[in-house]
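Below is one structure, written out as structure tokens, with a few remarks after it.
Derivation of every value follows stated rules applied to the coordinates shown; laboratory data play no part. This structure is a prediction, so every number in the text was calculated from the model and none was measured. Positions of Cβ are generated from backbone atoms using ideal geometry, with glycine treated the same way; all protein chains shown enter the neighbour counts.
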Amino acid sequence: QDFVYPPNAARADVGVGPVSWGDTVAGYEQGYSAQRRIDCQMVHSSGPSGENIFWGSSGANWSAADAVNSWVSEKQYYDHGCNTCAEGQLCGHYTQVVWRDSTAIGCARVV
């Protein structure tokens, strides 16, 4: 629930249906995260799904909500009507969270 509620709150805010937990997605992300733990690189996989990556400094107790909130903070730069991001800004993490065709999510964490 900790991983599903934050993105679903952001999705509900823009009238997009909820996502559910996907064991297959989570399993893939856990394996990929383990690879990134070895080399500490923030590199997106070339996997079958869209993904967001969150990086936080050590010493903090980061939660799923912290990660989602960082991605959703990009909403201010996104124009829903035109499906565009403001020039010079990033909003791809936000659009990934609220992507209408997404039905399942998974999450992995490495320390």
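Given Cα pairs under 8 Å that are at least 6 residues apart, what percent is the relative contact order of the stretch 44-111? Mind dumping the intermediate values first?
Values: 37 pairs, mean separation 17.9, N = 68.
Once divided by the residue count of the stretch 44-111, the mean separation gives 26 percent.
How would 3, 54 line up from fewest to most surrounding beta-carbon atoms within 10 angstrom?
Working: 3 20, 54 16.
So the residues, fewest neighbours to most, are 54, 3.
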How big is the gap, in Å, between the Cα center of the stretch 90-108 and the Cα center of the stretch 18-56? 12 Å
Could you please rank 53, 105, placing first whichever residue has the fewest other Cβ atoms within 10 Å of its Cβ? 53, 105
Round to the nearest 0.05 the FRET efficiency obtained for residue 20 and residue 53 when R0 = 22 Å and r is the Cβ-Cβ distance. 0.55
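Expected output is a single nm value to one decimal: the length gained when fully extending between residue 70 and residue 5, i.e. 0.36 nm times separation in residues minus the C-alpha distance. What is it?
Working: separation 65, 0.36 × 65 = 23.40 nm, distance 1.48 nm.
Full extension from residue 70 to residue 5 adds 21.9 nm.
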Distance in nm between pseudo-label sites at residue 103 and residue 79 (7 Å out along the Cβ direction from Cα): 3.3 nm
Point-to-point label distance, residue 43-residue 61, nm (Cα→Cβ direction, 7 Å offset): 3.4 nm
For the chain, divide the Cα radius of gyration by the Kirkwood radius and give the resulting Rg/Rh value with two decimals. 0.95
Quick one: among 45, 58, 73, which has the greatest mean-square fluctuation in a GNM of the chain with alpha-carbon springs under 10 angstrom? 58
Taking 111, 43 and counting other beta carbon atoms within 10 angstrom, the fewest-first order is 111, 43
